[in-house]
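Input: a single structure, listed below in C-alpha cells.
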Amino acid sequence: MIPFEHTWPYDRHGQDVFIPGCPFCSREHILLPLTPKELDELKEGIKKLLVLPCCRNRLTLVNADSDYLLANRPLRGLGE
Ligand SMILES: [Zn+2]
C-alpha cells in the first residue's frame, strides 16, 4: 500500500518529464532532470536522487507508475 502523501503527479512530453507544480516552492510546470530511461528504472524500483531545478531542494524518488512519482518522504502539504 503506497502512502498517498508520498506521491506526486508528473507528465511526460516526449523525452521530457515535467511536474505540474513543485511540492516545495509551488512554482509551476517544472522540467525535471530525469530522462525517460531513469523514469523506467524508477518504475523498476531503482532509487534516484532528484535535485529540483526550481529551488534546489533534494528528493529521493523510490518508485513511479505511469502517473505518479513516489518519494521516501511525504510531499503533500509542504508548500502550504
Ligand atoms: Zn521548487
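Each value in this text was obtained by applying a stated rule to the coordinates, not by laboratory testing. This one's a predicted model, so the numbers in the text were calculated from it and none came from an experiment. Neighbour counts are summed over all protein chains in view; Cβ atoms, including those assigned to glycine, are modelled from backbone coordinates with ideal geometry.
Give the residue that is nearest to the ligand (Cβ to nearest atom), with candidates limited to residues of the range 11-56 that are part of a loop (DSSP other than H, G, I, E, B) and β-branched (V, I, T). Full working, then the answer.
Filtering the range 11-56 down to residues part of a loop (DSSP other than H, G, I, E, B) leaves 14-15, 22-27, 32-35, 44-47, 52-56.
Retained after the next criterion (residues that are β-branched (V, I, T)): 35, 46.
Values: T35: 20, I46: 23 Å.
The qualifying residue nearest to the ligand (Cβ to nearest atom) is T35.
Filtering the range 57-80 to residues that are closer than 22 Å to Q15 by Cβ and part of a loop (DSSP other than H, G, I, E, B) leaves D65, S66, D67. When F24, F18 are screened for being free of Cβ contacts under 8 Å to residues at least 40 places away in the same chain, surrounded by 11 or more Cβ atoms within 10 Å (Cβ to Cβ) and aromatic (F, W, Y), only F18 passes.
Would you call N63 under 10 Å from the mean Cα position of the chain (by Cα) and of a type in the set (S, T, N, Q)? Considered against the rule, which asks whether it is under 10 Å from the mean Cα position of the chain (by Cα) and of a type in the set (S, T, N, Q), N63 comes out as yes.
Can you find a residue in the range 1-10 that is surrounded by 16 or more Cβ atoms within 10 Å (Cβ to Cβ), part of a loop (DSSP other than H, G, I, E, B) and in contact with a helix residue (DSSP H, G or I) (Cβ under 7 Å, 6 or more places away or on another chain)? Walk me through it before giving the result.
Kept after step one, since they are surrounded by 16 or more Cβ atoms within 10 Å (Cβ to Cβ), are these residues of the range 1-10: 6-8, 10.
Now drop any that are not part of a loop (DSSP other than H, G, I, E, B), which leaves 10.
In the following step, the residues that additionally are in contact with a helix residue (DSSP H, G or I) (Cβ under 7 Å, 6 or more places away or on another chain) were identified as none.
Within the range 1-10, not a single residue is surrounded by 16 or more Cβ atoms within 10 Å (Cβ to Cβ), part of a loop (DSSP other than H, G, I, E, B) and in contact with a helix residue (DSSP H, G or I) (Cβ under 7 Å, 6 or more places away or on another chain).
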